[in-house]
1. So Thr3 fits all but one of (1) modelled with pLDDT under 95; (2) at positive phi; what number is the exception?
2. Taking the residues in region 84-100 that are among the β-branched types (Val, Ile, Thr) and in contact with a helix residue (DSSP H, G or I) (Cβ under 6 Å, 6 or more places away or on another chain) as candidates, determine which candidate is nearest to ligand 3 (Cβ to nearest atom).
3. Among the listed residues Glu384, Glu397, Glu392, identify the single one that is assigned to a helix (DSSP H, G or I), in contact with an Asp or Glu (Cβ under 9 Å, 6 or more places away or on another chain) and closer than 27 Å to Thr273 by Cα.
4. Quick check on Gly232: is it away from ligand 2 (no atom under 16 Å from the Cβ) and either acidic (Asp, Glu) or surrounded by fewer than 20 Cβ atoms within 10 Å (Cβ to Cβ) (or both)?
5. Taking Arg44, is it in contact (Cβ under 8 Å) with a residue 24 or more places away in the chain, closer than 18 Å to Val113 by Cβ and either part of a loop (DSSP other than H, G, I, E, B) or among the basic types (Lys, Arg) (or both)?
6. Which residue pairs have Cβ atoms closer than 9 Å, lie 6 or more positions apart in sequence or on different chains, and pair a first residue in region 274-289 that is touching a residue at least 40 places away in the same chain (Cβ under 8 Å) and part of a loop (DSSP other than H, G, I, E, B) with a second residue that is surrounded by 13 or more Cβ atoms within 10 Å (Cβ to Cβ) and hydroxyl-bearing (Ser, Thr, Tyr)?
7. Kindly establish whether Ala361 is in a loop (DSSP other than H, G, I, E, B) and within 16 Å of ligand 3 (Cβ to nearest atom).
8. Cβ-Cβ below 9 Å, separation at least six or inter-chain, first residue in region 372-401 and over 20 Å from His355 (Cα atoms) and surrounded by fewer than 17 Cβ atoms within 10 Å (Cβ to Cβ), second among the small types (Gly, Ala, Ser) and modelled with pLDDT under 95: which pairs?
Amino acid sequence: MDTSAIKVQENRLRKDLLDLAKYGETPGGGLMRPALSDADMEARLWFQERMRQAGLRVREDAAANIIGRLDPTDSTGASKDAPCIAIGSHIDAVPNGGRFDGALGICGGLEAVRAIRESGIPIPVPIELLVLTDEEGAHFAGTFGSRAMFNLLIEDEINRSKGPERPSMALSLQKIGKNPALIREAVRSPSEFRAFLEMHIEQGPVLESMGVPVGIVEGIVCISRYFIHVAGKAGHAGTTPMRLRDDALVKAARIITSVNDAMVAAGPDIVGTIGELNVYPGAFNIIPGGVQMTLEIRSMEESAIQKSAAAVQEIVGSVANARLEPILSKGGVFMDPAIMDAIELSCRERGTPCHRMVSGAGHDAMTFPPLGVPTGMIFIPCVEGRSHCPEEDIRWEDAAAGVQILADTVMRIAQNK
Ligand code: HGY
Ligand code: MN
Ligand code: MN
């Protein structure tokens, strides 16, 4: 199919990304925009207005996902209710994160839709742009919105949080005027989706090191998440002799180093990270009585994850009053071969070099393949491979090239060619 009339505008894309980056910006150039926080809510309002200006019909579902829909062009005779091609990603950010993780996917998706409309090429399927809630897991385990959309939340998930002072999703939904009891109203059938596409920064160094502007994702690693709970005995930090203490944080420290050693020993194709630590009650003068830590293990091989989880279980089990709680296991998933080919063909026709690769980062795109929705991901390089930090950066020309491939691919899938 001839997609040459689709012309992505780099300036427009850049302005949207820079405008979005103002919501939750920190003096150090990073972002504090956890899901459904004030900054996130302001960003979401701004983005919904941008979606309307681009001609999308916008609604929010019971899980706070933002759904913008473009009907097929009348002259194609296509039904407005036909399965859609969805483009999606997230607006929320990790604590002190960067400006492009998620943001590129939604601003890029918007620019792709605008460019497709402006091309005048008849659009033979509905197109949706999805802003999916809490991909980063500020409340619990991440990819909340896409899992809520397909009834894949785990038991009582919306009432759980990552610690006593952290909000549950139910609380945050209430705060923004939604009724958490109605969360199931967000559920849709996978048959409503002809395809799901997500564009993202690579979040690693591979594409930049190769000098290639577009990555075609072949698969996303399996991500298993756990809590490690360690109980000790809280007490006075001045009066309790060292030999009479049961310090939960000291025990947690032993677990952290042993888990790290075990993950290093597990080999190069698996990673494990204890990334969040809550110490209770948490004061200069109180011996820590409790610790809750997050652990995640990632690998393309689910069996390797199971093996490492067993090693972690042994470490945790050897520490008094410590417990490993499995939370959620996502993926690994493979992208759809026909969509990968469509992306590659789009690259070839634009003369854009591309490279097929696996994603070590998790994305909402993990939710769709097990449901039978053909899924694809387009990566662009990020500067020095940095991500989940304020230094996260991109080259604008790569972003525009990636969005161009996204727009072309959407139309290619729509035309089935
Ligand atoms: O956790 C991840 O890999 C993603 O960046 N949310
Ligand atoms: Mn992220
Ligand atoms: Mn992301």
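1. In the conditions (1) modelled with pLDDT under 95; (2) at positive phi, Thr3 misses (2) alone.
2. By that ranking, first place goes to Ile91.
3. Of the residues listed, the single one that is assigned to a helix (DSSP H, G or I), in contact with an Asp or Glu (Cβ under 9 Å, 6 or more places away or on another chain) and closer than 27 Å to Thr273 by Cα is Glu384.
4. no
5. yes
6. Pro288/Tyr280; Gly289/Tyr280
7. Spelling it out, Ala361 is indeed in a loop (DSSP other than H, G, I, E, B) and within 16 Å of ligand 3 (Cβ to nearest atom).
8. Cys389/Gly30; Glu391/Gly29; Glu391/Gly30
The values are calculated or read from the model by the stated rules, or taken from the named source; none is laboratory data. Remember, predicted model here, so these are calculated numbers, not experimental data. So basically every Cβ, Gly included, is an ideal-geometry build from the backbone, and we count neighbours across all protein chains shown.
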